[in-house]
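The values are calculated or read from the model by the stated rules, or taken from the named source; none is laboratory data. Since this is a predicted model, take the numbers as computed values, not measurements. Here the Cβ positions follow ideal geometry from the backbone for every residue, glycine too, while neighbour counts run over all protein chains shown.
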Amino acid sequence: MAMQTTRGAALNLHDLGKSYGGLKVLEGVNLNVAPGEFITFLGPSGSGKTTTLNLIAGFVDPDAGGRMQLDGRSLAAVPAHKRDIGVVFQNYALFPHKTVRENIAFPLKQRRPRPDASTIAKKVDQVLQLVHLEAYGDRRPDQLSGGQQQRVALARAVVFEPKLLLLDEPLGALDKRLRESLQLELRRIHRELGVTIIFVTHDQDEALTLSDRIVVFREGAVEQIGTPAQLYNNPGSEFVATFLGDSNIFSGTVRGGQFTLDQGEVRFAPLEGTPDGVAKIMVRPENVNLSADPAAAANAVRVTVGDVVFSGATLRVEGVDASGAQLIARTRTDGVVPKIGDSVWFCWDRASTRLVASGSGA
Ligand SMILES: Nc1ncnc2c1ncn2[C@@H]1O[C@H](COP(=O)(O)OP(=O)(O)OP(=O)(O)O)[C@@H](O)[C@H]1O
Ligand SMILES: [Mg+2]
């Protein structure tokens with residue numbers, strides 16, 4: 001007995017902002033979500049992720065000027081309980097004295113017109129199956145593990161077949177293994193239901209694993225929107241480069257397309273088309289090779305090896321350059337393994353350099 005696939009909703013956010021007591025905590029959020037997309041909000045604590053979800057869910061009203069549309073219809077005059085949006089928030093606990101079945105049935109019983117008892121029972125069975133909890137329907141929440149409780153919360157959020165699901169750090173309190181297995185379940189449920197999902201996390205690995213696109217929040221504004229690969233390979237700022245994945249950042253000056261570091265024994269390939277002024281460039285650790293002789297490399301920085309960590313598939317080599325900057329290389333384990341204190345060159349090719357800030361204000 002499969003759940004019916006609901007086509008996910010389109011969501012458009014236009015110039016959303018929110019102030020509390022004259023203090024702006026969210027400003028200028030623009031986002032167009034396609035039907036069925038899995039969107040992740042990623043950002044540090046206090047950057048505005050939950051506030052944005054609260055606005056979409058209708059728990060909080062936006063400042064004047066902000067607009068939201070669900071499947072092309074304005075949400076302005078629609079109260080929260082009529083938006084047909086499923087929500088799982090971290091502080092949105094299950095009812096402790098109700099069984100799993102009663103918890104899941106609750107949103108259906110609130111609906112007007114109220115579905116009849118056999119329809120409710122059938123839908124509850126369907127979502128219990130969806131989250132693999134068929135055998136737990138008669139238990140109370142305190143008789144379940146944390147992961148099972150999260151799955152009940154998810155079942156309760158999807159039982160009325162919403163076209164949009166808002167999940168605010170639903171896996172936050174769980175240990176790593178449980179988290180990873182629920183991530184896979186969430187992907188499966190997303191595929192099976194076709195529902196549009198907005199998922200909040202501050203775990204970058206979770207964001208990279210789950211999302212069609214990631215929205216990076218910073219200090220109450222959207223810093224960058226893109227697919228995981230776009231954000232990882234072409235971060236638009238130093239903030240995004242360092243927030244998603246490990247990175248090596250070099251601060252220096254560009255003059256006539258030539259980047260120079262303030263100090264140290266280095267060679268950088270020209271950055272054509274980059275305006276004169278201060279600049280920052282970035283290279284990912286997996287694009288850095290170790291070499292005793294940098295003659296053939298487009299970019300090379302001499303470093304003193306500080307630590308070497310073997311992790312099976314890769315070798316993580318940490319080093320310090322002459323300016324004192326901490327740098328990381330991740331290489332194959334079948335090459336030369338340096339020792340702590342060795343002087344080596346970190347080398348990379350032209351295509352692996354990313355400019356993450358430029359101009360006089362960088
Ligand atoms: N009701 C409120 N009154 C005043 N300030 C608020 C209120 N709710 C949120 N804020 C402020 O808005 C900012 C954004 O909060 P928000 O909850 O959206 O952050 P977040 O990105 O979800 O962070 P976290 O990762 O810690 O959950 C914070 O500085 C917070 O203190
Ligand atoms: Mg939050």
*asked:* Need a quick list: strands (runs of 3 or more DSSP E) entirely within region 188-275 having at least 1 residues that are outside the structural domain of LYS24 (by TED's automatic domain parsing).
replied: 248-255, 258-261
*Would you please name the residue that is farthest from ligand 2 (Cβ to nearest atom), looking only at residues in region 165-186 that are part of a loop (DSSP other than H, G, I, E, B) and surrounded by fewer than 16 Cβ atoms within 10 Å (Cβ to Cβ)?*
ASP175
*Can you name every residue in region 298-307 that is surrounded by fewer than 19 Cβ atoms within 10 Å (Cβ to Cβ) and more than 19 Å from VAL337 (Cβ to Cβ)?*
ALA298
*Mind checking which pairs have a first residue in region 328-351 that is surrounded by fewer than 17 Cβ atoms within 10 Å (Cβ to Cβ) and a second that is of a type in the set (D, E, K, R) and assigned to a strand (DSSP E or B), Cβ under 8 Å, 6 or more apart or different chains?*
ILE340/ASP307; SER343/ARG302
*Confirm whether GLY22 is surrounded by fewer than 20 Cβ atoms within 10 Å (Cβ to Cβ), farther than 28 Å from ARG188 by Cα and in the same structural domain as LEU210 (by TED's automatic domain parsing).*
yes
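With the condition kept exactly as written, say whether any residue in region 90-109 is within 19 Å of the chain's Cα centre (by Cα), at pLDDT 95 or above, within 14 Å of ligand 1 (Cβ to nearest atom) and in the same structural domain as GLY226 (by TED's automatic domain parsing).
Initial filter on region 90-109 (within 19 Å of the chain's Cα centre (by Cα)): 90.
If we keep only those that are at pLDDT 95 or above too, we end up with none.
Within region 90-109, not a single residue is within 19 Å of the chain's Cα centre (by Cα), at pLDDT 95 or above, within 14 Å of ligand 1 (Cβ to nearest atom) and in the same structural domain as GLY226 (by TED's automatic domain parsing).
Yes/no matrix, rows are residues, columns are (1) in contact with a helix residue (DSSP H, G or I) (Cβ under 7 Å, 6 or more places away or on another chain); (2) among the aliphatic types (A, V, I, L, M):
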{"position": "THR119", "(1), (2)": "no, no"}
{"position": "LYS123", "(1), (2)": "yes, no"}
{"position": "VAL127", "(1), (2)": "yes, yes"}
{"position": "TYR136", "(1), (2)": "yes, no"}
{"position": "SER145", "(1), (2)": "no, no"}
{"position": "GLN149", "(1), (2)": "yes, no"}
{"position": "VAL152", "(1), (2)": "yes, yes"}
{"position": "LEU167", "(1), (2)": "no, yes"}
